[in-house]
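Throughout, read-outs are computed from the coordinates displayed, never taken from laboratory work. Worth saying up front: this structure is predicted, and the values here are computed from it rather than measured. Here Cβ is always computed from backbone atoms with ideal geometry, including for glycine, and neighbour counts include all displayed protein chains.
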Ligand code: DX5
Ligand code: ZN
């Protein structure tokens, strides 16, 4: 049977109480901590860096940390995040001049590696790197902000990528990020995703466990 991972995006958490927030959302049943890194250059917003990742590890967070790099250039930050305790590192195909090199660098440092595709990014950037991918992240909103609406055409794209993964025979996670809620998670899973980022849908509710339980119930349908 298939395993689904729920990865709350801490972009929507209370940054003034970040350690506690992450602890609470993991206790509520989350599998992975999704960590959004924005640089006010590749995307029009500015968030958190390796120091904050390290601070979460020092605070005692032991769950996998999924670092989503929305930065350009990419490579200089990869060793910094690996040192800071990242478990997985993903970057956008448009942000790296040398996609194969960036993927190799992530893997050499012992992290899982993934490529991120924006809503309008074609799939051909996946063509010659399938053997180096632990995950593929499809953006279902344009990157930069939480709380946006899921872009419906992403469902067809998910189906196309799911087919590619299955045909490749490689063990690659298919992660979806942006506008995921308990109301649309079932159809997103049906289209082929097996890892779900959700920011506002979880952190904007008082009871994180209630939302995550509802998501798991939808996934079990
Ligand atoms: C957007 C980020 C997402 C975002 C998701 O650029 O990559 O991870 O936090 O937030 P929601 O779930 O609110 O769309
Ligand atoms: Zn993200």
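Under a plain spin-label model, where a point goes 7 Å from the Cα along Cα-to-Cβ, how far apart in nm are residue 59 and residue 3?
2.5 nm
If I take R0 = 35 Å and measure r between the Cβ atoms of residue 160 and residue 52 in this structure, what FRET efficiency does the formula 1/(1 + (r/R0)^6) give, to the nearest 0.05?
0.50
Given an 8 Å cut-off on Cα distances and at least 6 residues of separation, report the relative contact order of the stretch 5-219 as a percent.
Relative contact order, the stretch 5-219: 20 percent.
Find the eigenvalues of the gyration tensor of the Cα atoms of the stretch 5-219, then list the square roots of 5 times those eigenvalues as equivalent ellipsoid semi-axes, largest first, in whole angstrom. Walk me through the numbers on the way to the answer.
Working: eigenvalues 111, 93, 47 Å².
Listed largest to smallest, the semi-axes of the stretch 5-219 are 24, 22, 15 Å.
How would you order 85-96, 40-51 from highest to lowest mean count of nearby Cβ atoms within 10 Å?
85-96, 40-51
Assuming 0.36 nm per residue, please report the length gained on full extension of the stretch residue 98 to residue 80 beyond their Cα-Cα distance.
That works out to 4.6 nm of additional length.
How many percent of DSSP beta bridges within the stretch 5-219 run antiparallel, rounded to 5?
Antiparallel bridges: around 5 percent, rounded to the nearest 5.
For the chain, modelled as a Gaussian network with Cα springs under 10 Å, which listed residue fluctuates most, 170, 35, 81?
Largest GNM mean-square fluctuation: 170.
Quick one: if you stick a label point 7 Å off each Cα along the C-beta vector at residue 15 and residue 190, how many nm between them?
3.8 nm
Express the Stokes-Einstein translational diffusion coefficient of the stretch 1-124 in µm² s⁻¹, to the nearest whole number, given a Kirkwood radius over alpha-carbon pairs, 25 °C and a viscosity of 0.890 mPa s. Don't skip to the answer; put the middle values down first.
Values: Rh = 14.9 Å.
This corresponds to a translational diffusion coefficient of 164 µm²/s.
Determine the distance separating the Cα centre of the stretch 43-91 from the Cα centre of the stretch 181-221; give it in Å without decimals.
Cα centres, the stretch 43-91 to the stretch 181-221: 24 Å.
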